[in-house]
Amino acid sequence: MIIAVASGKGGTGKTTVSTSLALSLAAQGREIAFLDCDVEAPNAHLFLKPDLREQRSVDLLIPQVNTEICTGHGRCAEVCQYHAIVRLGGSTLVFPELCHGCGSCTLECPEHAITERPEPLGTLEAGVTPQGISFGRGLLDVGEPMAVPVIKQLKKWLPPRDDQISVWDTPPGTSCPVVESIRGADYLVLVTEPTPFGLHDLKLAAQLATELSIPAGVVINRDGVGDARVDDFCGEAGIPILMRIPLDREIGAGIAQGQPLIEIRPEYEARFQEMFAAIAAEVTP
């Protein structure tokens with residue numbers, strides 16, 4: 001089973017929930033895999049403390065045009081969905097920042113005037129935590145604009161196994177990196193807070209789950225602030241509230257020091273195990 005943990009906005013406690021879920025299930029002796037797909041700001045390692053011994057680079061294949069062969073046919077520009085290669089002023093120009101590395105221009109060039117060069121995008125790392133959790137994460141290089149290729153390569157490098165429960169910690173928001181991160185998940189845990197901003201972004205995340213046909217439930221973090229409109233929305237939309245985590249100074253201070261929630265409040269280990277049982281009952285026919 002693959003459980004993706006997402007949030008419509010950053011700072012709601014998504015990593016707090018995903019790491020504690022993984023640790024709680026590992027405490028039951030289950031085989032757990034954890035992927036930190038938030039490649040622009042991965043931080044799950046601060047809580048799970050894996051021994052990262054494997055590393056692999058992520059490259060994007062960028063087209064190069066041989067001007068001595070190119071006749072200006074323009075087929076390359078026609079097939080590029082991202083306008084990364086254009087015919088302008090008698091020259092064929094490549095804009096690497098827009099290229100997604102799909103290879104269409106190279107395949108379609110009738111003169112075979114296009115080759116591809118690898119452009120480093122980021123790094124993948126993998127290891128095992130002290131609890132035996134298989135851990136992987138991606139790191140997008142500073143200044144690189146596209147996180148999706150790194151997320152794709154991370155999921156291919158460490159694919160889910162039938163004998164494991166996989167927990168995927170996704171980027172915040174509802175953009176392309178989030179869509180790629182939750183693609184293939186069996187269940188989506190949406191972490192929110194009971195504030196107007198939390199409700200607004202929860203609605204967007206819930207809509208994304210609906211469009212991708214992924215069943216979802218909500219964890220309300222910092223419960224006790226704001227109002228009841230998140231509860232009202234979940235009731236109207238038929239989205240179950242899986243757990244509530246209170247606004248608590250001790251919890252906030254512990255998380256700021258890199259402590260998992262179930263270490264700060266051990267009673268939450270059983271609550272996360274119960275939450276998984278409810279998810280499994282919904283997902284399993």
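Computed from the coordinates by the stated procedures, all read-outs in this text should not be read as laboratory data. Predicted model only: the values in this text are computed from it and were never measured. We place every Cβ from the backbone using ideal geometry, glycine too, and count neighbours over all the protein chains shown.
Structure values in brief
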| quantity | calculated |
| --- | --- |
| Percent antiparallel among DSSP beta bridges (both partners in the chain, rounded to 5) | 45 percent |
| Whichever lysines have a C-alpha closer than 21 Å to that of LYS155, once near sequence neighbours (fewer than 8 apart) are set aside | LYS14, LYS49 |
| Partnerless cysteines, meaning none of the other Cys C-beta atoms lie under 4.7 Å away, in the chain | CYS37, CYS70, CYS80, CYS99, CYS102, CYS109, CYS176, CYS234 |
| Burial ranking of peptide ranges 14-27, 240-253 (average Cβ count within 10 Å, highest at the top) | 14-27, 240-253 |
| Karplus-derived 3J(HN,Hα), 6.51/-1.76/1.60, for each residue of segment 116-128, Hz, glycine and proline x | 10, 10, x, 10, x, 10, x, 9, 10, 9, 9, x, 10 |
| Amide hydrogen neighbours beyond the local backbone of LEU61, cut-off 5 Å, H modeled | GLU119 |
| Whole-Hz couplings from phi, Karplus 6.51/-1.76/1.60, listed for segment 252-260; x for Gly and Pro | x, 5, x, 5, 4, 9, x, 8, x |
| In degrees, nearest ten, helix 196-211 long axis to first principal axis of the chain (Cα) | 60 degrees |
| Cα→Cβ-extended label distance, 7 Å offset, between ASP227 and ARG75, nm | 6.1 nm |
| Amide H within-cut-off set for ILE245, under 5 Å, with H built and near neighbours excluded | ILE220, ASN221, ARG222, ASP223 |
| Listed values [x] 14.8; [y] 25.4; [z] 17.2, entry calculated as mean projected area of the Cα convex hull in nm² | [z] |
| Only Lys, Arg (+1) and Asp, Glu (-1) charged, at Cβ; segment 12-101 dipole about Cα centre in debye | 140 debye |
| Value at 222 nm in deg cm²/dmol, rounded to 500, when DSSP H runs of n ≥ 4 in the chain each add -39,500 (n - 2.57) | -9500 deg cm²/dmol |
| Note, ³J(HN,Hα) from phi for segment 158-165, Karplus 6.51, -1.76, 1.60, rounded to Hz, x at Gly and Pro | 10, x, x, 10, 5, 8, 10, 9 |
| Distant-in-sequence amide H partners of GLY122 (H built 1.01 Å from N, under 5 Å) | VAL58, ASP141 |
| Calculated FRET efficiency for the pair HIS100/ALA280, C-beta based, R₀ 35 Å, to 0.05 | 0.45 |
| Spatial separation of Cα centroids for segment 129-146 and segment 178-230, in angstrom | 23 Å |
| Size of charge dipole - the chain - debye, nearest 20, with Cβ of Lys, Arg +1 and Asp, Glu -1, no other charges | 80 debye |
| Positive-end extreme of charge dipole, segment 22-80 - chosen from GLY29, ASN66, PHE47 (charges on Cβ) | GLY29 |
